[in-house]
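Participant: First, the structure itself, so that you have it in front of you.
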Amino acid sequence: MNRLVTFLVLLTACASAAAQTFPAKPIRVIIPFVAGGSSDIVGRAIASKFQELLGQPGVVENRPGANGAIAAEFVAKAEPDGYTILVGSIGVFSINAALFKDLRYQPVRDFAPITLAVTTPNVLITKPTLAAGSLKALVEEMRKNPGKLSYCSSGTGSSDHLTAELLKQASGTDAVHVPYKGGAACQTDIMGNQVDFSFQNLGAVTNYIKANRMKALAVTAKARHPQLPAVPSAGEAGAPDLVVTSWQAAAAPAKTPKDVVARLNGAMVKALRSPDVAERMNQIGFDVVASSPEEFGSFMKAEVERWTGVVAKGNIKPE
């Protein structure tokens, strides 16, 4: 028994010492999508501060494919030492688990949460010629003409698709889903009066709304957004259950020591709240959250449960 106690004490001491010397080499920041996207922007912003805050550089690696699952599985199976971390989206950390039955990683089981980095609401946009001028009027139009209106998304299972599905389920209405490969084509067809409505990330459509190239009926947030102060929140528009954000977060492999996770969280929170990074995030429509690991863990679990319910009720299948 004494030998076992001694062994456990030494093991704890070694783990503590390792955490105190962490990091002793560069940290790999794995991005599950191509360069230039939201996860890439956030991941690079965080990694750019590692040398200053941790004394070691962050090395960004883009590993796109399979809706982010390739990178996520790679990190989930990496050594849990804090030197390989994942910066990814709502899709990687929650929607994939709801959408894909054969997913080779499970977010809640396979990751040690580090921080919920940023969030951004979606905006309910419509083509310029649509008669409905409010969320309530749009729902009434959908009820009068079931299956007649169309909505586009950046792809099946995307946050904008599932937000529209959530609206349909909450209001008991129906509309035709037109999936695109990315949000840009969807936005173009909204402006061209080819599709009736969509939910798109606020930062992607703010300038189009201000130029009157599309209409905005609601922001999927608890309060109005400063970039679109004239657009009502979901609650004001009569749909309090339609509070939805797209988000970016960071995680390490499960079983990464808590002291190491705490070090990474401290650096990421400082990076995200630094004036230059915070300004950059705000410019592209992101609200900096910079949560604790525990807060992100609870949030991720709730998001997986929420979207699993929406996917199941809508009988949504991946493309």
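Participant: To check you understand DSSP bridge types, tell me what percent of the beta bridges within the chain (both residues inside) are antiparallel, rounded to 5.
Facilitator: 60 percent
Participant: Considering the chain as a Gaussian network with a 10 Å cut-off on Cα pairs, which listed residue, Asp102, Asp174, Asp196, attains the greatest mean-square fluctuation?
Facilitator: Comparing Asp102, Asp174, Asp196 in the GNM, the peak value goes to Asp102.
Participant: Run the reach check for Lys77 against aspartates and glutamates, Cα to Cα strictly under 13 Å, same-chain hits fewer than 8 apart removed. What comes back?
Facilitator: Those aspartates and glutamates meeting the cut-off are Asp110.
Participant: Only Cα pairs within less than 10 Å get springs; with that Gaussian network setup on the chain, which residue of Met142, Met281, Met214 has the largest fluctuation?
Facilitator: Checking each option, the largest mean-square fluctuation is seen for Met142.
Participant: Full-extension gain between Asn282 and Ala230, please, as 0.36 nm times their residue separation minus the C-alpha to C-alpha distance.
Facilitator: 16.9 nm
Participant: If you work out log10 I(q)/I(0) by the Debye sum over Cα atoms at q = 0.10, 0.13 Å⁻¹ from the coordinates, which of (i) -0.58, -0.92; (ii) -0.72, -1.03; (iii) -0.59, -1.01 do you get?
Facilitator: The value matching this structure is (i).
Participant: Pick out which of Ser158, Ser38, Ser150 has the largest mean-square fluctuation in a Gaussian network model of the chain, springs linking Cα atoms closer than 10 Å.
Facilitator: Ranking Ser158, Ser38, Ser150 by mean-square fluctuation puts Ser150 first.
Participant: List the pairs from Lys181/Lys270; Lys148/Lys210; Lys258/Lys317; Lys144/Lys317; Lys49/Lys168; Lys181/Lys210 whose alpha-carbon separation is above 32 Å, in the order I gave them.
Facilitator: Lys181/Lys270; Lys258/Lys317; Lys49/Lys168
Participant: Can you pull the percent of the chain's accessible area that's carbon plus sulfur, 1.4 Å probe, other chains left in place?
Facilitator: 54 percent
Participant: With each pseudo-label sitting 7 Å past Cα toward Cβ, what's the Leu103-Lys210 distance in nm, one decimal?
Facilitator: 3.6 nm
Participant: Leaving ligands, DNA and RNA out of it, work out the accessible area of Tyr208 with a 1.4 Å probe and give it in Å² to the nearest 10.
Facilitator: 70 Å²
Participant: With a ≥ b ≥ c taken as the square roots of the eigenvalues of the C-alpha gyration tensor of segment 45-125, please select rounded if a/c is under 1.5 and otherwise prolate if a/b is larger than b/c or oblate if it is not?
Facilitator: Taking the square roots of the gyration eigenvalues as a ≥ b ≥ c, segment 45-125 is oblate.
Participant: Let me ask another. Using the heavy atoms of the protein chains and a 1.4 angstrom probe, tell me the accessible area per residue for segment 199-313 in square angstrom.
Facilitator: That works out to 47 Å² for each residue.
The values are calculated or read from the model by the stated rules, or taken from the named source; none is laboratory data. Quick caveat: nothing in here was measured; it's all calculated off a predicted structure. No Cβ is skipped: glycine too gets one built from the backbone with ideal geometry, and neighbour counts run over all protein chains shown. Areas reflect the complete protein model, heavy atoms only, side chains present, ligands, DNA and RNA absent. Shrake-Rupley method; radii C 1.70, N 1.55, O 1.52, S 1.80 Å.
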